[in-house]
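Take a look at the structure below.
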Amino acid sequence: MVALPVAVVTVLGLPLALQRSDEALRELAHARATEARQLSSAAVQALSHGEREVLRQRIADYQDRTGGRAHVFNARGRSVDGALCLLSPDELAQQNVVRAALQGQFTDSSDRRVAKAAEELIVAVPVIHGGMLVGVVVVCSALDDLQLKQWTIWAVVAVIAALALAASGFLAEPLARWILRPVRYLEAAARRFAAGDHDARVPVHLGPPDLRVLAETFNHLAEQVQHQVTVQKSFVSDASHQLRSPLVALRLRLENLEPHIAPDGSRGLEQALGEVDRMTGILNALLLLARAESGAQAVECVDVRAVAEERVASWRLVAEPRNITVTIDGEGDLVASAVAGTVDQVLDVFLDNALRMAPPGSTVQVRLVEDTAMVAVQCIDAGPGMRPDERARACDRFWRGARAAGEGSGLGLAIAASLARANNGHVLLQEGPGGGLHAELRLPARGPARAERRPGALLQKSRG
């Protein structure tokens, strides 16, 4: 904010000071030229009739009155009479303004009649008598007064510039706050909106008019996007609800056909029932995803250990026929701030994926850890794991890895990630210690137990 006033003062103040200094020089030159013309009548008498006493008296009077010195040259450039300037008569005759006057030039252009030499201002005026050039009157004036005037001009401009800069510096901070405050509001609202808070809006009465228009435009855009997202979520939810009844009816009809199906058609019936079950699973997942993204459910304290132990006990029934062991370990009571059912559903997704990928005879580990801010539920399997590019896409909707072999809907991890985001948490996928997949849910901690944990415990334990 200060650079702009400095540039403005420099661009405006410097030319102004130069212009005023040049005007002072021209004014002094004009005054000396007028005085030289007044001496030209006496110079005519001296040059034409040899009456030098009158000329000397006029030159002496001029010197006493103005402090300047005058000298007269004849048409050949030879000194006739006058007071000595700082330059000798021969040096004075060689000055451009004197030589121009000896050529009879009557121009008022300062570059021909005015020259700075030895700290003097030299003005030369041709003397004309009977239409003929008879000589030149040269006036020499010290530049002390001119320099004082020029320094005064520069001092005044400098003071004005300093006052302008001081005023701009004093006003810069409140002006910057006035301009940037709506920008900060806009940035914060954009971040919240990008994070999923579609209710984020910007005040429209702050800042310059252009920023107010920008705020109104952002709010209008946010309302349009929010409306479209709401319509999309409503469509997914309504469509899922409407399709569940036909699918249930279709399954019942297929089951009722079983007694009437020939033995060689039983395989096809089983495949049809499997597709119906798969479609039902996708619809249930879409409903769960729509509820997770609605963000309308109340947050409460969740006993993570109790939920995890209950879900592990249920999934052990699935793991035992495949000779897979599911273990759970962790310290203390873990309480998270989340919507009821979040930990259950996310852990179900983790365990479902782990048991489908883990080889027989392996172990699936569920770990519960906590630090001062977060509670983590980790699920580590000994399966083939995922490549880094697969882990980057694993939470996309309907994405399935190359090893899925047609299993699953591709919505499990997407639902888990949406549930985590809705609770100010996140899902982390990384390579497990044995090359399998390490899936982790992190949620904000809640309760007195977290205050007793030392910072960094979560990261240290998760790496163990």
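Taken together, the values in this text are just the output of simple stated rules run on the coordinates, not laboratory data. What you see is a predicted model; the values in this text were computed from it and never measured. Neighbour counts run over all protein chains shown; Cβ positions are idealised from the backbone, glycine included.
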Looking at segment 14-87, which trypsin sites (Lys or Arg not before Pro) are DSSP coil and have at most 15 other C-beta atoms within 10 Å of their C-beta?
Arg76, Arg78
Would you mind getting me the FRET efficiency between Thr325 and Ala190? Use the beta-carbon distance for r and R0 = 41 Å, nearest 0.05.
0.30
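Could you tell me the calculated FRET efficiency between Ala142 and Asn96, based on Cβ-Cβ distance and R0 = 22 angstrom, to the nearest 0.05? Write down the numbers at each step before the final one.
Numbers: r = 20 Å, r/R0 = 0.90.
Efficiency for this residue pair is about 0.65.
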Net lengthening on full extension, Arg37/Ser234 (0.36 nm per residue, minus Cα-Cα):
61.1 nm
Rounded to whole Hz and in sequence order, give me ³J(HN,Hα) for segment 37-48 from the Karplus expression 6.51 cos²θ - 1.76 cosθ + 1.60, θ = phi - 60°, writing x for Gly and Pro.
5, 5, 7, 5, 5, 5, 5, 5, 4, 6, 7, 8
When Phe398, Phe350 are ordered from fewest to most other Cβ atoms inside 10 Å of their Cβ, what list results?
Phe398, Phe350
Run the simple label-point estimate for Gln226 and Leu18 please: 7 Å along Cα→C-beta, distance reported in nm.
5.7 nm
What is the list of residues in segment 192-236 whose amide nitrogen lies under 13 Å from a point 7 angstrom out from the Cα of Leu175, following Cα to Cβ?
none
Can you put His227, His129 in order of Cβ neighbours within 10 angstrom, beginning with the fewest?
His227, His129
